[in-house]
Amino acid sequence: MKILRRYFFKEFFRYFIIIVAGFTAVSTTVEFFDKAGEFYAKNPPLYLIIEYLILQTPQVILYSLPFASLFSILITIGIASRWRETIIIRASGASVRRLFSGFLAIGIIITATALFLGETVVPAATRKAAWVRKVEILRESPKIIHSRRALWLKGIDGSLIRIDGFIENENRILKTSIFTFDQSFGLERRIEADEGIWSDKRWELRNVTVFDFRKKTTEKYKTLIYTSLEEPKIFREEMKKPEEMNFIELRAYYTRLEKAGFKNLKYIVRLYEKLAYPTISFIMILLGIPLALNTRWGGGIRAAGLGVIIAVCYWLVYSVSISLGNAGSLPPWLAPWIAPFVFCIAGAFLYFRIEE
């Protein structure tokens with residue numbers, strides 16, 4: 001039994017590595033041609049292009065793990081079924097369910113690996129790739145500096161601006177502090193606002209307090225028009241995307257928005273999606289084992305075709321539930337878990353009905 005299990009594990013990992021490598025190579029090639037116009041226009045050094053493409057690979061690998069898990073298990077067991085190896089195993093009195101149960105442990109390992117990549121390597125590499133593309137290849141200076149609790153940027157008039165957060169779907173900035181300096185970098189004026197809204201192509205600050213250190217006065221305004229802050233486009237282009245943050249960072253950012261009285265359902269969905277997505281690899285293996293072993297479905301190629309259909313159905317259910325979560329029709333914390341839960345139950349049901 002140990003020899004057979006070791007043999008099937010070896011076959012599985014062989015196909016797994018080939019599929020991940022192939023998927024990564026194709027995605028990297030597509031990314032290169034997608035950005036070829038930028039590379040040609042800016043003519044950056046070759047090492048920068050290579051660095052950018054390499055930094056994109058961790059995210060590609062993360063996305064390829066579920067597909068690699070599914071097709072590797074289907075090919076491995078499918079070939080064994082085609083060559084009647086599973087029939088011989090059954091005829092010898094061995095349990096095929098017990099023999100292939102080791103792949104469930106591999107599924108857990110792949111899930112843990114995906115979770116680790118998604119929380120450490122992928123966000124850091126994605127951030128670095130965005131920085132290499134924008135700063136070193138396109139030669140654009142970063143306009144926003146991200147600190148742990150706020151965003152810092154330079155105003156059009158040279159002022160220093162601190163913003164707690166940006167509500168994308170409302171074109172709204174949260175608690176804002178604006179510091180204006182004289183030529184010797186002495187603080188002339190400080191503006192504190194509870195929030196700002198982009199209206200009529202300008203920023204309207206609300207509940208504003210202006211400290212004028214030169215005149216030694218303090219004035220309060222219900223609203224104040226401010227024209228030295230760039231339009232909301234700067235935040236959409238410069239702010240960290242959810243894929244550039246791990247679970248802790250995204251949760252901290254959403255918490256800041258929530259404390260300010262705003263809820264962005266997309267951020268909550270993406271937050272829990274970071275935990276739900278890694279489980280797909282385990283579920284694909286759980287589904288793949290009984291699909292490839294079920295002789296009534298023909299095993300091998302026919303089961304592999306059915307597995308592809310199951311995978312497509314999984315992504316359809318997953319995409320629909322995510323969309324419903326973003327729209328508020330489903331609780332945002334629940335939306336990413338619906339497809340994993342449903343297909344995990346289906347996979348477990350099929351697994352325990354494997355014919356011995």
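The values are calculated or read from the model by the stated rules, or taken from the named source; none is laboratory data. No experiment lies behind these values; they were computed from the predicted model shown. Cβ coordinates were reconstructed from backbone atoms using ideal geometry, including for glycine residues, and neighbour counts include every protein chain displayed.
Spot the failing condition for T209; the list is (1) assigned by TED's automatic domain parsing to the domain that holds L153; (2) touching a residue at least 40 places away in the same chain (Cβ under 8 Å); (3) β-branched (V, I, T), and only one is missed.
Of (1) assigned by TED's automatic domain parsing to the domain that holds L153; (2) touching a residue at least 40 places away in the same chain (Cβ under 8 Å); (3) β-branched (V, I, T), only one is false for T209: (2).
Give region 321-336 a look and list any residue that's over 15 Å from N264 (Cβ atoms) and surrounded by 19 or more Cβ atoms within 10 Å (Cβ to Cβ), or say none. If you could, list the steps in order and put the result at the bottom.
To start, the set of residues in region 321-336 that are over 15 Å from N264 (Cβ atoms) comprises 321, 323-324, 329-330, 334, 336.
Within region 321-336, S321, L330, P336 meet the criteria.
If the Cβ limit is 6 Å and pairs must be 6+ apart or interchain, which residue in region 213-234 that is in contact (Cβ under 8 Å) with a residue 40 or more places away in the chain and closer than 19 Å to F181 by Cβ pairs with which residue that is among the aromatic types (F, W, Y) and surrounded by 11 or more Cβ atoms within 10 Å (Cβ to Cβ)?
Within 6 Å, the pairs are Y226/W203; L229/W203.
Looking only at residues in region 220-271 that are farther than 21 Å from I161 by Cα and among the acidic types (D, E), which one is modelled with the lowest pLDDT?
Checking each candidate, the answer is E258.
Restricting region 306-356 to residues that are aromatic (F, W, Y) and under 22 Å from I75 (Cβ atoms), which is nearest to the chain's Cα centre (by Cα)? Walk me through it before giving the result.
The first filter runs over region 306-356 and keeps only residues aromatic (F, W, Y), leaving 314-315, 318, 333, 337, 341, 343, 349, 351-352.
Still in the list and also under 22 Å from I75 (Cβ atoms): 314-315, 343, 351.
On the way: Y314: 18, W315: 15, F343: 21, Y351: 30 Å.
Residue satisfying both the conditions and the ranking: W315.
Within region 167-286, which helices (runs of 4 or more DSSP H) (wholly inside it) include 1 or more residues that are under 24 Å from L65 (Cβ atoms)?
Details: elements: 233-238, 247-259, 265-276.
Hits in region 167-286: 247-259, 265-276.
Six or more apart or on different chains, Cβ under 9 Å: which pairs go from a residue in region 1-28 that's surrounded by 14 or more Cβ atoms within 10 Å (Cβ to Cβ) to one that's of a type in the set (D, E, K, R) and modelled with pLDDT under 90? Could you list them?
Filtered contacts from region 1-28: L4/E85.
Looking only at residues in region 36-84 that are touching a Ser or Thr at 6+ places or on another chain (Cβ under 7 Å) and small (G, A, S), which one is surrounded by the fewest Cβ atoms within 10 Å (Cβ to Cβ)?
If we filter region 36-84 for residues that are touching a Ser or Thr at 6+ places or on another chain (Cβ under 7 Å), which is where we start, we get 53, 56-57, 59-61, 64-66, 69, 80.
Retained after the next criterion (residues that are small (G, A, S)): 64, 69, 80.
Numbers: S64: 21, S69: 29, A80: 25.
Per the stated criteria, the residue is S64.
Of the conditions (1) surrounded by 17 or more Cβ atoms within 10 Å (Cβ to Cβ); (2) over 24 Å from F235 (Cβ atoms); (3) of a type in the set (K, R), R172 clears all except one; give me its number.
With respect to (1) surrounded by 17 or more Cβ atoms within 10 Å (Cβ to Cβ); (2) over 24 Å from F235 (Cβ atoms); (3) of a type in the set (K, R), R172 is out only on (2).
When you check P278 against the structure, is it touching a residue at least 24 places away in the same chain (Cβ under 8 Å) and within 25 Å of G107 (Cα to Cα), yes or no? Lay out the reasoning, then the answer.
Details: touching a residue at least 24 places away in the same chain (Cβ under 8 Å): yes; within 25 Å of G107 (Cα to Cα): yes.
Here the answer is yes, as P278 does meet what is asked.
Identify, from the list R127, R139, R149, the residue that is out of contact with any strand residue (DSSP E or B) (no Cβ under 6 Å at 6 or more places or on another chain), more than 25 Å from K266 (Cα to Cα) and among the charged types (D, E, K, R).
Numbers: R127 fails: more than 25 Å from K266 (Cα to Cα); R149 fails: more than 25 Å from K266 (Cα to Cα).
Exactly one of R127, R139, R149 is out of contact with any strand residue (DSSP E or B) (no Cβ under 6 Å at 6 or more places or on another chain), more than 25 Å from K266 (Cα to Cα) and among the charged types (D, E, K, R), namely R139.
Among the residues of region 77-130, count how many are aromatic (F, W, Y) and at pLDDT below 90. Don't jump to the end; show me each part of the working.
Taking region 77-130 and keeping what is aromatic (F, W, Y), we get 83, 100, 103, 116.
Among the residues that remain, those that are also at pLDDT below 90 are: 83, 100.
So the count comes out to 2.
Using the structure shown, decide if A150 is small (G, A, S), within 30 Å of A129 (Cβ to Cβ) and either surrounded by 12 or more Cβ atoms within 10 Å (Cβ to Cβ) or in contact with a Ser or Thr (Cβ under 7 Å, 6 or more places away or on another chain) (or both).
On the way: small (G, A, S): yes; within 30 Å of A129 (Cβ to Cβ): yes; either surrounded by 12 or more Cβ atoms within 10 Å (Cβ to Cβ) or in contact with a Ser or Thr (Cβ under 7 Å, 6 or more places away or on another chain) (or both): yes.
Yes, satisfied.
Sort out which residues of region 226-263 are exposed (fewer than 13 other Cβ atoms within 10 Å of the Cβ) and either in contact with a Pro (Cβ under 8 Å, 6 or more places away or on another chain) or among the β-branched types (V, I, T) (or both), and write them in order of number.
Matches in region 226-263: T227, I248, T255.
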